[in-house]
Amino acid sequence: MRPGGTTQGLYIAAADGRNFGYVNHRSPERVLAEMEDGLARFREKAAAHATFQTARGAPRGVESAGPTLRRTPTAAAVVRVHARIGPLSDESYSSLRKEQRVLNAAVGRDHLWILEKERRALLESAGVVANAVQLPPTLSARILRFHLVDNVRGEPEMWRSSEVRRADCEATLIRASRDSRTFAFRIEFLLATSSGERGYEGRLEGEIELAAPTAALVRFRAYSFGEAWGSSIYTPGAPPGRFPLTIAMVNAPEGDGNEAIVPPQASSHFGEYLRPALSITPKP
Amino acid sequence: MRERRMRQGMRPGGGAPGGAAGGFHFLRALVTMRVMGNCLWPLLVALLATPEPPTLDARIALVLPRPGELRWLEIPWRTDLLAARAEAAFARKPLFLWVMNGHPLGCT
């Protein structure tokens, strides 16, 4: 690793911290070769070593490395968020270099938190079937700013409150039973940087079913389709001009370990993620 | 394969936004054709070749990861580094660490 270079990558290490291999590359061949070399070095130098029996433990007072990850707030529901680019026109596709084609063919992955108080607010606003309701403002703002992003090529910049240029929201109670309420919602949006170099314009449609009276999330699914343009600092290589970007959201199954552990990308700005604001007032 | 899907895959939504994001439905095309006559057969054929998935679930299914994109979840990753070190020491095995800014399990 070069001084000043990134520490991100793949490592082969002994339990006592000694490093036996490092690679930060997407090529499967290079990664596999480094893994095999690292394993050989480990076997040669570490496997029979006495120090191997005593991996240095956590610093005093630290019981686990877990707290480096944001914990899912109590009773927050977790939704999987996935994004894809395409289909691209022949002209757009042909303009991409080989590695850009690979990156743009990937699937974006993130998680969305829906807080208990947001679900309760929605449930309490239900009224009767066909009634218009308001999506909790923090939920619609969280989706708009942190989850309608092009993360297909990696970690994108999130939208600032001022970059939400248009957000026309509709929500309706469409089904009511003794045990649950189902709401349909729709958001027409325009998200764009002040320079206009990066943006996403389209429509999100979805449904959310909540248990009554607990407000537990029974089912959530949403789909966004629109045109995006531009790249973030760390996600270069977007297709030229405007390109189709689709985003799907589905609730995570109960007990899925990864969803319980891995927080949303934007939750590193914890308070803002939980209580996001918009510069505009979404039109109901 | 993935690249071909990106290039030629089924149109997951319906056209461009700003008025066109609502999509072009098959039924509307059919009605238009009946009104305007058979000169629109080529248009109908083109629409049938790239149908809009009819339901929300069908549109979502086109975006969700496919089995080949979930194979990395077959690896029993540990998410607690110190616990993994203790386990590696006990098993006399090396650790394979995936270290990223952000969250490797949640975002590519």
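A compact table of results
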| quantity | calculated |
| --- | --- |
| Sole exception among (1) within 19 Å of the chain's Cα centre (by Cα); (2) within 11 Å of chain B (Cβ to nearest Cβ) for A:Asn251, by number | (2) |
| Hits in the stretch B:67-94 - residues which are more than 8 Å from chain A (Cβ to nearest Cβ) and surrounded by fewer than 14 Cβ atoms within 10 Å (Cβ to Cβ) | B:Pro67, B:Gly68, B:Leu70, B:Arg71, B:Trp72, B:Glu74, B:Ile75, B:Pro76, B:Phe90, B:Ala91 |
| Test for A:Ala260: is it modelled with pLDDT of 95 or more and assigned by TED's automatic domain parsing to the domain that holds A:Ser95 | no |
| Counted residues, the stretch A:96-140 - those being of a type in the set (Ser, Thr, Tyr) and modelled with pLDDT of 95 or more | 2 |
| The stretch A:210-234, residues that are over 17 Å from A:Tyr93 (Cα atoms), in a loop (DSSP other than H, G, I, E, B) and within 18 Å of the chain's Cα centre (by Cα) | A:Ser232, A:Ile233, A:Tyr234 |
| From the options A:Ser92, A:Ser64, residue that is closer than 30 Å to A:Gly108 by Cβ and either more than 28 Å from the chain's Cα centre (by Cα) or at pLDDT below 90 (or both) | A:Ser64 |
| Helices (runs of 4 or more DSSP H) contained entirely in the stretch A:77-192, each with at least 2 residues that are touching a residue at least 24 places away in the same chain (Cβ under 8 Å) and within 14 Å of chain B (Cβ to nearest Cβ) | A:90-94, A:98-104 |
| Leading residue by the ranking (farthest from the chain's Cα centre (by Cα)) among those in the stretch A:1-23 that are more than 9 Å from chain B (Cβ to nearest Cβ) and assigned to a loop (DSSP other than H, G, I, E, B) | A:Arg18 |
| Qualifying residue in the stretch A:258-280 (condition: closer than 27 Å to A:Thr172 by Cβ, β-branched (Val, Ile, Thr), in contact (Cβ under 8 Å) with a residue 12 or more places away in the chain and part of a loop (DSSP other than H, G, I, E, B)) | yes |
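Results for (1) modelled with pLDDT under 90; (2) in the same structural domain as A:Pro236 (by TED's automatic domain parsing); (3) closer than 30 Å to A:Val218 by Cα; (4) of a type in the set (D, E, K, R), shown as yes or no for each residue.
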position: A:Gly4; (1), (2), (3), (4): yes, no, no, no
position: A:Ser27; (1), (2), (3), (4): yes, no, no, no
position: A:Ala33; (1), (2), (3), (4): no, no, no, no
position: A:Ala40; (1), (2), (3), (4): no, no, no, no
position: A:Lys45; (1), (2), (3), (4): yes, no, no, yes
position: A:Ala58; (1), (2), (3), (4): yes, no, no, no
position: A:Arg80; (1), (2), (3), (4): no, yes, yes, yes
position: A:Pro87; (1), (2), (3), (4): no, yes, no, no
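The values are calculated or read from the model by the stated rules, or taken from the named source; none is laboratory data. Since this is a predicted model, take the numbers as computed values, not measurements. Counting neighbours? That spans all protein chains shown, and the Cβs are built from the backbone with ideal geometry, glycine included.
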